[in-house]
1. Can you give the helix-only mean residue ellipticity at 222 nm for the chain, where every DSSP H stretch with n ≥ 4 adds -39500 (n - 2.57) and the sum goes over all residues, rounded to the nearest 500 deg cm²/dmol?
2. Can you give me the Cα centroid spacing of region 4-73 and region 83-106 in angstrom?
3. Are any of the pairs LYS56/LYS97; LYS52/LYS103; LYS66/LYS97 more than 18 Å apart by Cα-Cα distance, and if so, which?
4. Could you please tell me the mean projected area of the C-alpha convex hull for region 10-108, averaged over all directions and given in square nanometres to one decimal?
5. How do the peptides 18-24, 74-80 rank, highest first, by the average count of neighbouring beta carbon atoms within 10 Å per residue?
6. What ranking do VAL86, VAL28 get, fewest neighbouring Cβ atoms within 10 angstrom at the top?
7. List the DSSP H helices in the chain whose Cα atoms stretch 30 Å or more along the helix axis and whose mean Kyte-Doolittle hydropathy is at least -1.0.
8. Compute a Gaussian network model of the chain, connecting alpha carbons closer than 10 Å, and tell me which residue from TRP98, TRP81, TRP69 fluctuates the most.
Amino acid sequence: MELLKWLYQIPVPFLVLAIVVLVAVTLVIAIQYAKMKQLDGLRADVYQLILKAEHKFKENGAGMQKLKWVVQQARGLLPGWLSVFVSEETLINIIDKWFGAVKDLLDDGKVNGSQK
């Protein structure tokens, strides 16, 4: 009952403003969380594509061919609105960094920059 009395003393515009701010903050956090989960899912899918490329192109010196194939396949995984903004060069750089992180993790079990 004390809480209700206290709430009745607060002007309605302040309550409405507080609720709007809380809803906006909640929406921003939810959108950022969804983006992060989508990026993690995309990263996992790209790792699978890297494995497929390793098995598909077994000849020596096919590194660039593998990368191009992974980029082509990964472009299809991007949401339509995002693929408009992400160039092929940007996607190549992102996938190359992810691949470098995997190689770094596999060499000694730590991501510590030991694999250049």
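Every number here is computed from the coordinates shown, using simple stated rules; none is lab data. Everything quoted here is computed from the prediction, not taken from an experiment. When we count neighbours, we look across all protein chains shown, and the Cβ atoms used for this are built from the backbone with ideal geometry, even at glycine.
1. -28000 deg cm²/dmol
2. 16 Å
3. LYS56/LYS97
4. Orientation-averaged projected area of the Cα hull: 9.5 nm².
5. Result, highest mean first: 74-80, 18-24.
6. Fewest-to-most Cβ neighbours within 10 Å comes out as VAL28, VAL86.
7. In the chain, the long hydrophobic H runs are 12-56, 88-108.
8. Per the Cα network of the chain with a 10 Å cutoff, TRP81 tops the list.
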